[in-house]
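The values are calculated or read from the model by the stated rules, or taken from the named source; none is laboratory data. Just so you know, these numbers come straight off a predicted model, no measurement behind them. Here Cβ is always computed from backbone atoms with ideal geometry, including for glycine, and neighbour counts include all displayed protein chains. For accessibility, only protein heavy atoms count, side chains too; no ligands or nucleic acids. Shrake-Rupley method; radii C 1.70, N 1.55, O 1.52, S 1.80 Å.
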Amino acid sequence: MEEFLSGFQLGLELMWSIATAEPQLTGFLIIFGLGAFLLALITNILKDRKLRRSGMLQVDQMKGKEFEDYLRVLFLEQGYQVQMTPTTGDYGADLILSKSGQRIAVQAKRYKKNVGLKAVQEVSTAKLHYKADECWVVTNSGYTEPAKNLAASNGVKLVDRVILMKWMLEMNKDAATSKVTAASKVKGEITTKEKL
């Protein structure tokens with residue numbers, strides 16, 4: 001342990017000597033780091049805005065990971081806290097939702113055909129692994145009869161194309177309503193100023 005602390009202290013002293021020896025380099029590195037952080041933040045904001053405006057035609061063209069990102073944005077709009085699971089080794093869930101003390105494991109399936117048994121089986125095991133209260137499979141398509149039967153007997157909520165479209169319309173309606181409200185406020189301020 002002493003060797004680790006000694007090495008760590010030596011590393012800190014080396015970093016401090018470099019930072020104080022070349023203040024211009026230190027300033028440049030700080031500015032570069034902040035710039036990279038801001039660029040990443042702006043890129044994520046723009047990506048989320050693009051996803052939020054996606055319709056079902058765009059969803060039907062998405063890759064699996066992009067569909068998961070779309071669902072992340074959709075569930076955030078619904079007031080959930082969203083945790084993305086690793087791309088590989090996800091134990092059957094792509095997203096973990098939290099709201100009002102409830103945890104929900106979500107399996108996302110962007111398919112052209114109906115979703116089968118495997119997705120229901122995977123999310124059922126994910127429910128136990130992630131200690132979730134509920135588990136859902138969300139798709140842009142439909143489900144096979146065996147998948148519906150297994151979901152019913154295992155308490156898995158199936159979200160199909162119709163429900164997904166309803167959620168999408170609600171999200172876009174809320175976004176449009178907030179834009180109209182903001183525009184009305186600006187228009188109201190202009191009208192008030194004209195009266196003065």
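Return the FRET efficiency for the residue pair K63, S153: r is the Cβ-Cβ distance, R0 is 35 Å, and the value is rounded to the nearest 0.05. Display every interim value, and only then the final one.
On the way: r = 32 Å, r/R0 = 0.90.
Between K63 and S153 the formula returns 0.65.
Could you tell me what % of all Cα pairs in the stretch 1-49 have separations over 14 Å? Present the calculation step by step, with values, prior to reporting the outcome.
Details: 796 of 1176 pairs.
Value for the stretch 1-49 (Cα pairs over 14 Å): 68 percent.
Please list, or write none, the aspartates and glutamates whose alpha carbon is within less than 16 Å of the alpha carbon of K127, excluding same-chain residues fewer than 8 places away.
Within the straight-line limit of under 16 Å, K127 reaches these aspartates and glutamates: D90, D94.
Heavy-atom accessible area per residue, the chain, 1.4 Å probe: how many Å²?
68
Using only alpha carbon pairs under 8 Å that are at least six residues apart, calculate the relative contact order of the chain and give it in whole percent.
Relative contact order, the chain: 14 percent.
Say a paramagnetic label sat at a point 7 Å from the Cα of T144, along Cα to Cβ; which residues of the stretch 93-125 have their backbone N under 14 Å from it?
112-122
For the chain, which DSSP H helices look membrane-span-like by this rule: Cα extent along the axis of 30 Å or more and mean Kyte-Doolittle of at least -0.5?
23-52, 161-195
Taking amide H positions as placed 1.01 Å from N in the peptide plane, with prolines and chain starts having none, which residues 5 or more places from Q107, or on another chain, fall under 5 Å of its amide H?
D94, W136, V137, V138
Rounded to the nearest 5, what % of DSSP beta bridges with both residues in the chain are antiparallel?
So the antiparallel bridges amount to about 45 percent of the total.
Please list the equivalent ellipsoid semi-axes of the stretch 125-166, computed as the square roots of five times the alpha-carbon gyration tensor eigenvalues, in descending order and whole angstrom.
Listed largest to smallest, the semi-axes of the stretch 125-166 are 19, 13, 7 Å.
Find me the longest stretch of the chain that has none of the exposed trypsin sites (Lys or Arg not before Pro), where exposed means in a DSSP loop (not H, G, I, E or B) with at most 13 other Cβ atoms within 10 Å.
Of all site-free stretches, the longest is 132-196.
Roughly what would the spin-label model give for E2 and L14, points 7 Å off Cα along C-beta, in nm?
Calculated label separation equals 2.2 nm.
By what distance, in whole Å, do the Cα atoms of the stretch 58-152 stretch along each of the three principal axes, largest value first?
On the principal axes, the stretch 58-152 reaches 32, 30, 24 Å in Cα extent.
If you split all Cα-Cα distances of the chain into 5 Å bins from zero, what percentages do you get per bin, shortest first?
It works out to 1, 7, 11, 13, 13, 10, 8, 7, 8, 7, 6, 5, 2, 1, 0, 0, in whole percents.
So what's the back-of-envelope 222 nm ellipticity for the chain, counting only DSSP H runs of four-plus at -39500 (n - 2.57) apiece and dividing by all residues, rounded to 500?
On the way: 7 runs with 128 residues, N = 196.
So the calculated ellipticity at 222 nm is -22000 deg cm²/dmol.
Taking all protein chains as present, what is the carbon and sulfur share of the accessible area of the chain, in % to the nearest whole number, probe 1.4 Å?
After summing per-atom areas, the C and S share lands at 62 percent.
For the stretch 84-101, what does the Karplus curve 6.51 cos²θ - 1.76 cosθ + 1.60, with θ = phi - 60°, yield as ³J(HN,Hα) per residue in whole Hz, taken in order and with x for Gly and Pro?
Once rounded to whole Hz, the list reads 7, 8, x, 4, 10, x, 8, 6, x, 10, 9, 9, 10, 9, 9, 6, 6, x.
With 10 Å bins from zero, work out the P(r) of the stretch 42-110 over every alpha carbon pair and list the percent per bin.
Final binned percentages: 20, 51, 28, 1.
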